[in-house]
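To start, the structure itself, in structure tokens.
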Amino acid sequence: MNSREDILGRVRARLGRNPENAVTARKDIDAALAERVQGPRPAVPTDTAGLVARFEEKSAAQSSSLDRVAALADAPAAVARYLTGMNLPLRAVIWPSLAGLDWRAAGIEVAPRGAVDSDMVGITGCFCAIAETGTLMACSAPDHPATVSLLPETHIALVPMSRIVPGMEDAWNLARAELGSLPRAVNFISGPSRTGDIEQTIVLGAHGPYRVHLVIVEDA
Amino acid sequence: MESRSRHFKANAAASLANPVLQANLQTAKGKFVDKRAIAIKEIDDFEVSREAAKNIRNRVLENLDLWLEKFEETATARGATVLWAKDGDEICRHVAEIGQRHGVHKAAKSKSMLSEEANLNLALTAAGIRPIETDLGEYILQINDNEPPSHIIAPVVHKSLDEIADLFHQVHKTPRKTEIAALTREAREVLREHFLTADMGISGGNFLVAETGSVALVTNEGNGRMVTTLPRVHVVITGIEKVVPTLEDLTLLLRLLPRSATGQSISNYVSVLTGVKTPAERDGPEQLYFILVDNGRADVVGTEFQDMLRCIRCGACMNHCPVYQTIGGHAYGWVYPGPMGSVLTPLYTGLENAIDLPQAATLCNQCGVVCPVMIPLPELLRKLREKQVEKHLRPWFERLALKIWAMVAASPPLYALGSWLGVRYLKWLAGGRDRIAVLSVAPEWTLGRDFPAPEGRTFRELYRKGKK
């Protein structure tokens, strides 16, 4: 007998599985998958101003830095200001989906591709952002390589204000509505990577970025 | 991992006598506890969320066979291969075979307790695949001659900064660093090279989502993302009990897991991974394998211990356990320490191999109160004690003592005589003082405290006298 049958066989025997109760149980499973009942959720504002304020507050608590611009076209200049202020190179790997903005005018040289080890700065967008915890949701796609938010020491993300949702449940519903099925990788990112493994003392910058900078775009 | 749990008493005594370990445990004490207390306040009613989390886990366990089939169906539909393993050896065989099939030389691992259960690193090395632990704590243990972890969330909680500084200096042959940030950067640089050159990524799975056929991984360091993004092959090794129905259910559990573990409202990275990369994608694995592991779990389904399978491995029970805080994790002798380990180790490795673990608890119920999925840990420990007695696993003198006690307690005249003798003996032993410093029948009990001396007459005597 193969291991699958052995393991499932023992589970079935212990649960007293028979054809009749399997029918009822399958109904329960189908119901659970169809209803997708939400559990208790912490109170989060639902109006735009409240959502943005909560997102900013929680992002800062996760050690992300924040900026705001009026329009997408203003983003490159804001990114350039941040990089200059941080004494970082004006050179970045970028999600190909964002390469169309006028980065050259802001003095930033962008490479639309997946990230490699030597990339110092990565610029991404996000699928949406979650106010409850100050979290970005990034969905992998040919135009959204997952490495851009992971390998560089500095990660800059453009966050359209209209895409800030209250909680993760809302993010899943958005993904179901817009993408149909889940992409290969959904990555929720809440600030720079960190570790507390040595003496339970948190240090920023473990394997992923040391810095996460969020640029909220008001009319996007 | 070979269990050393039968040597619990000796292990615990050694831990208590180790001044370095005691100092390190003191440093760690309370840090997670305080952070958790703050983090759960963000949830309006934590008890309501615990109840909901318990129900989600129970819903799956009650029909585990069918939920597993459902997960297998959805995961396979997205291009993953689902394999099953009865025990640790079978995990090792599967991973070695996958490695051979895809020409793997190096495997980068994010934390997986199942791989500890299976002793996977040894097997990989034997199969010509170099395993690299990438969680900072697990990496420290690996370069320290494959030392086992002492905590499921903070594997090196038993080590001081000084010890780690020495170790890096010796192993990396670099100048000795004493700043935590500098040590972390040194490990980052060593491990980055491995992430980029590994052919296989191995991860555990915090949850499996039946709705979508996904695995959910939480990490703070980003190593979970690295090993599931860069290598060509990704192998997920996880227990059969980890299935949850929907993304909504996952979301609720993700509110409880990091808060209970480290006091974070969310882990830095939560990755929900489904299937393999499409041809147009620039990153992601071409092959995805799930190894669903029994290793003792299936035989707990449907028993009085089934509640234990709700466990989401947050570590809150050990963080709050006075016994764990005093002896550390290694004394427990197997993969899982603390209260959850004292239940899991006997269930998974045999009651007779962990005879002292169910006893290694004061039953104070701190663990039961903090458990995010409401596992009645003290009750399960008590049930394991009952099982030990039923199976005649306790030492002969304990069994004899209990037999005598049962006989005496069932007979009022014998009981009266026993207590009549007892109080007089104890009064004599106290020698006029109101405390007994050394109780000759149970000297261990009075090691750290005195025994109050009785007045010299039993309750029955006093009662009879009062009535007259």
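The values are calculated or read from the model by the stated rules, or taken from the named source; none is laboratory data. Remember, predicted model here, so these are calculated numbers, not experimental data. Quick reminder, even Gly has a Cβ in these numbers, built from the backbone with ideal geometry, and neighbours come from all protein chains shown.
Observations on the structure shown:
- Matching option when the condition is within 17 Å of B:Asp135 (Cα to Cα) and either in contact with a strand residue (DSSP E or B) (Cβ under 9 Å, 6 or more places away or on another chain) or within 9 Å of another protein chain (Cβ to nearest Cβ) (or both), among B:Thr229, B:Thr212: B:Thr229
- Where B:Ala280 falls short, out of the listed (1) of a type in the set (A, V, I, L, M); (2) facing another protein chain (nearest Cβ under 7 Å); (3) surrounded by 20 or more Cβ atoms within 10 Å (Cβ to Cβ): (3)
- Test result for B:Glu455, outside any helix (DSSP H, G or I) and farther than 30 Å from B:Leu351 by Cβ: yes
- Selection from region B:417-454 of residues that are loosely packed, with under 12 Cβ neighbours inside 10 Å and touching a Lys or Arg at 6+ places or on another chain (Cβ under 7 Å): B:Pro452
- Test: B:Arg297 is within 30 Å of A:Cys139 (Cα to Cα), without any contact (Cβ under 8 Å) to a residue 60 or more places away in the chain and facing chain A (nearest Cβ under 9 Å): no
- Total residues in region A:149-194, condition in a loop (DSSP other than H, G, I, E, B) and within 8 Å of chain B (Cβ to nearest Cβ): 10
- Residue within region B:178-198 that is more than 12 Å from chain A (Cβ to nearest Cβ), surrounded by 19 or more Cβ atoms within 10 Å (Cβ to Cβ) and within 18 Å of B:Gly79 (Cα to Cα) present: no
- Taken over region B:220-250, the criterion of being touching a helix residue (DSSP H, G or I) at 6+ places or on another chain (Cβ under 8 Å), among the charged types (D, E, K, R) and over 30 Å from A:Val203 (Cβ atoms) is satisfied by B:Glu241, B:Glu248, B:Asp249.
- Options B:Glu221, B:Glu193, B:Glu211, B:Glu281; residue that is part of a helix (DSSP H, G or I) and either in the same structural domain as B:Ser49 (by TED's automatic domain parsing) or within 19 Å of B:Leu120 (Cβ to Cβ) (or both): B:Glu193
- Among the conditions (1) in a loop (DSSP other than H, G, I, E, B); (2) under 25 Å from B:Glu241 (Cβ atoms); (3) within 9 Å of chain A (Cβ to nearest Cβ), B:Trp334 misses just one, which is (3).
- Taking region B:7-30 as the range and being modelled with pLDDT of 90 or more and among the basic types (Lys, Arg) as the test, only B:Lys9 passes.
- Whichever residue in region A:95-128 is assigned to a strand (DSSP E or B), surrounded by 14 or more Cβ atoms within 10 Å (Cβ to Cβ) and without any contact (Cβ under 8 Å) to a residue 60 or more places away in the chain and, among such residues, is nearest to the other protein chains (Cβ to nearest Cβ): A:Pro112
- Taken together, B:Val343, B:Val270, B:Val276, B:Val369 contain a single residue that is in a helix (DSSP H, G or I), of a type outside the set (Gly, Ala, Ser) and either out of contact with any helix residue (DSSP H, G or I) (no Cβ under 8 Å at 6 or more places or on another chain) or in the same structural domain as B:Leu64 (by TED's automatic domain parsing) (or both), which is B:Val369.
- Here region B:106-122 is the region considered, the condition is being charged (D, E, K, R) and more than 18 Å from the chain's Cα centre (by Cα), and the residue that is surrounded by the most Cβ atoms within 10 Å (Cβ to Cβ) is B:Lys109.
- The listed residue being touching a Gly at 6+ places or on another chain (Cβ under 8 Å) and of a type in the set (Gly, Ala, Ser), out of A:Ala73, A:Ala60, A:Ala53: A:Ala60
- Helices (runs of 4 or more DSSP H) (entirely within region B:8-97) containing at least 1 residues that are of a type in the set (Val, Ile, Thr), within 9 Å of chain A (Cβ to nearest Cβ) and over 30 Å from B:Ser203 (Cβ atoms): B:46-62
- Yes/no for B:Thr274 being surrounded by 22 or more Cβ atoms within 10 Å (Cβ to Cβ), in contact with a strand residue (DSSP E or B) (Cβ under 6 Å, 6 or more places away or on another chain) and facing chain A (nearest Cβ under 7 Å): yes
- Those residues of region A:129-143 which are surrounded by 24 or more Cβ atoms within 10 Å (Cβ to Cβ), part of a strand (DSSP E or B) and not β-branched (Val, Ile, Thr), in sequence order: A:Ala129, A:Leu136, A:Ala138
- Residue that is surrounded by the fewest Cβ atoms within 10 Å (Cβ to Cβ), among those in region A:209-220 that are in contact with a helix residue (DSSP H, G or I) (Cβ under 7 Å, 6 or more places away or on another chain) and not in a strand (DSSP E or B): A:Glu218
- Whenever a residue of region B:159-173 is in contact (Cβ under 8 Å) with a residue 60 or more places away in the chain, its partners that are part of a helix (DSSP H, G or I) and among the polar types (S, T, N, Q), lying with C-beta atoms within less than 9 angstrom and at least six residues away or across chains, give the pairs B:Lys159/B:Asn24; B:Ser160/B:Asn24; B:Ser160/B:Thr27; B:Glu163/B:Asn24.
- Sole exception among (1) buried (at least 20 other Cβ atoms within 10 Å of the Cβ); (2) touching a residue at least 12 places away in the same chain (Cβ under 8 Å) for A:Trp172, by number: (2)
- Those helices (runs of 4 or more DSSP H) lying entirely in region A:1-71 with at least 1 residues within 8 Å of chain B (Cβ to nearest Cβ) and among the polar types (S, T, N, Q): A:3-15
- Any hit, region B:147-161, residues being away from every other protein chain (no Cβ under 13 Å) and assigned to a loop (DSSP other than H, G, I, E, B): yes
- When A:Val44, A:Val11 are checked against the criterion of being surrounded by 15 or more Cβ atoms within 10 Å (Cβ to Cβ), over 21 Å from B:Glu72 (Cα atoms) and among the aliphatic types (A, V, I, L, M), A:Val44 stands alone in meeting it.
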